[in-house]
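Participant: Mind looking over this structure? Questions follow.
The values are calculated or read from the model by the stated rules, or taken from the named source; none is laboratory data. Note that the structure is predicted; figures quoted are calculated from it, not measured. Here the Cβ positions follow ideal geometry from the backbone for every residue, glycine too, while neighbour counts run over all protein chains shown.
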Amino acid sequence: MAQQIIFFVLAAIVIIFSILAVTSKQIIRSATYLLFVLLATAGFYLLLGYNYLFAVQIAVYAGGVMVLFIFAILLTNRPGESLKTELPVRRIAAGLTAIAGLAFCAHIIYYNVKKVSDLVAQADITPQQLGHTMMGTDKYQYLLPFETISILLLACIVGAIMIARKR
């Protein structure tokens with residue numbers, strides 16, 4: 001019973017602060033709301049008994065990535081000023097793009113969840129097998145997306161520095 005209450009409290013925190021992070025007009029507040037979402041996600045991991053993922057979520061995402069976001073915001077923006085509201089046409093285009101992305105993700109999840117669940121159901125996974133899966137290059141292994149995200153983050157940092165240099 002207590003676990004269910006904690007779950008619903010964490011879920012409410014994630015939902016509320018996710019909406020606030022997206023709708024806030026001040027970018028520093030948005031980053032702070034995102035920090036609360038990441039901390040609540042760490043709470044989910046702790047609730048599930050995944051102590052390692054809890055520690056990684058706190059150290060890497062709530063710690064490192066949020067420091068990177070705040071650093072990029074301070075380099076590229078004046079943190080106290082409000083953001084201007086977008087034109088309705090841009091909001092509609094952004095909404096349609098988000099719906100298309102959601103449909104694409106739902107399609108991929110729908111057609112691949114059975115394949116992944118069959119792989120997981122075959123045997124218990126050891127930490128070594130999990131590590132090989134995360135850093136492997138074979139089918140259903142994730143080295144390429146991992147490296148792609150690291151290159152994307154590097155490009156964001158370089159872009160933020162270039163924008164800040166122009167000022």
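Participant: Select from the range 27-69 the residues that are surrounded by fewer than 14 Cβ atoms within 10 Å (Cβ to Cβ) and of a type in the set (Phe, Trp, Tyr) and list them in ascending order.
Facilitator: TYR52
Participant: Among residues belonging to the range 12-26 that are in contact with a helix residue (DSSP H, G or I) (Cβ under 8 Å, 6 or more places away or on another chain) and assigned to a helix (DSSP H, G or I), point out the one that is surrounded by the fewest Cβ atoms within 10 Å (Cβ to Cβ).
Facilitator: The residue in question is VAL22.
Participant: So, one more: For the range 109-142, give me the residue count where each residue is within 19 Å of the chain's Cα centre (by Cα) and either modelled with pLDDT under 75 or part of a loop (DSSP other than H, G, I, E, B) (or both).
Facilitator: 2
Participant: Under 6 Å by Cβ, and 6 or more places apart or on different chains, what pairs join a residue from the range 1-24 that is under 24 Å from GLY95 (Cα atoms) with one that is modelled with pLDDT under 90 and of a type outside the set (A, V, I, L, M)?
Facilitator: Cβ pairs passing all conditions: ALA21/SER30; SER24/SER30.
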